[in-house]
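K.L.:
Here it is: the structure, laid out below.
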């Protein structure tokens, strides 16, 4: 912890009391600042991270049909610009679904890739859907961390700041005459790594919400990353050494795991999980472990987390064979919450 000396001159009879008050207020901030803000545990992020809300700026009308408008937008998160896609139904929206895609290579990426078809389907059923490109994608700024291993972990910060922006600020549209209004009725959709983002953001928020997870990466971070680079000898070796020699020694590993923090999910929240049996990117055992963690946590809750778990025999990582079935289950899920 760094020591910071701040010269202060007091000129009244309240000097002793004021000096004590400053000491009490400064020490907790310094102790948290001793750890990089982007390396805080899930609970530390919830309790101490300075989340900010930003106006959402419509940048371009990308598409329009009889059911919805498709816009690109940007907002400010972590003091940088991030872009994304917004699909706005032409009928008054029933709610807002925050959508988080899975991993995508940067080459060939476009705003909405990995989420836009799902978002459009939700919009045809009168839900506004909004997604994030994440840093370094679309027209988002780059964000380089000193410790690059935390790049996936901090995606949840932007997810929370998008939620807060939708809840506290406005969507400004100077592109056309469409006034973007919506009820403060929020949901989340996460696919693959976006599932990890949605779960972690839900734990950080601590607010009652319904989320739908499509084959989510729910194995504890950063151990889940080893699954995806196991064929890359050099990168895999470097990551394993960082986990063993730094992460496991310097950090409380369980405090970064979404499995060990499900108790932070608000009472009465609802989770719907879709998992294919032939998904080789996200093993079904991960979803089974997540279900077990929710069930165990529910044992001590009076107002339990609603948990729906659907397994699709033979379905791949995108649930391609059962895509409409899963989407229609989501619509019913949102309407029932």
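K.L.:
Could you run through segment 307-334 and say how many residues are surrounded by fewer than 17 Cβ atoms within 10 Å (Cβ to Cβ), over 22 Å from the mean Cα position of the chain (by Cα) and assigned to a helix (DSSP H, G or I)?
P.N.:
6
K.L.:
While we're here: Which one of the conditions (1) touching a residue at least 24 places away in the same chain (Cβ under 8 Å); (2) not in a helix (DSSP H, G or I) does residue 113 fail to meet, given that it meets all the rest?
P.N.:
Exception for residue 113: condition (1).
K.L.:
What is the one condition in (1) modelled with pLDDT of 95 or more; (2) touching a helix residue (DSSP H, G or I) at 6+ places or on another chain (Cβ under 6 Å); (3) within 22 Å of residue 200 (Cα to Cα) that residue 125 does not satisfy?
P.N.:
(3)
K.L.:
On to the next question. Find the residue count for segment 76-105, including only residues that are surrounded by fewer than 24 Cβ atoms within 10 Å (Cβ to Cβ) and either within 13 Å of residue 140 (Cβ to Cβ) or out of contact with any helix residue (DSSP H, G or I) (no Cβ under 9 Å at 6 or more places or on another chain) (or both).
P.N.:
Result for segment 76-105: 10.
K.L.:
Ok, one more. Contact list please: Cβ distance under 8 Å, first residue in segment 54-66 and closer than 16 Å to residue 121 by Cβ, second residue at pLDDT 95 or above, pairs at least six apart or on different chains.
P.N.:
63/69; 63/70; 66/90
K.L.:
Against the conditions (1) within 22 Å of residue 72 (Cβ to Cβ); (2) not in a loop (DSSP other than H, G, I, E, B), where does residue 133 fall short? Just the number, please.
P.N.:
(2) is the only condition that residue 133 fails.
K.L.:
Just wondering, is there one or more residues in segment 263-275 that are assigned to a helix (DSSP H, G or I) and crowded, with 18+ Cβ neighbours inside 10 Å?
P.N.:
Within segment 263-275, none of the residues are assigned to a helix (DSSP H, G or I) and crowded, with 18+ Cβ neighbours inside 10 Å.
K.L.:
Can you tell me which residue among 244, 295, 304, 278 is without any contact (Cβ under 8 Å) to a residue 60 or more places away in the chain, surrounded by fewer than 12 Cβ atoms within 10 Å (Cβ to Cβ) and either at negative phi or in contact with a strand residue (DSSP E or B) (Cβ under 7 Å, 6 or more places away or on another chain) (or both)?
P.N.:
On the way: 295 fails: surrounded by fewer than 12 Cβ atoms within 10 Å (Cβ to Cβ); 304 fails: surrounded by fewer than 12 Cβ atoms within 10 Å (Cβ to Cβ); 278 fails: surrounded by fewer than 12 Cβ atoms within 10 Å (Cβ to Cβ).
None of the other options fit; the residue is 244.
The values are calculated or read from the model by the stated rules, or taken from the named source; none is laboratory data. Keep in mind that what you see is a predicted model, and the values were worked out from it rather than measured. Methodologically, a virtual Cβ is constructed for each residue, glycine included, from the backbone with ideal geometry; neighbour enumeration extends over all protein chains shown.
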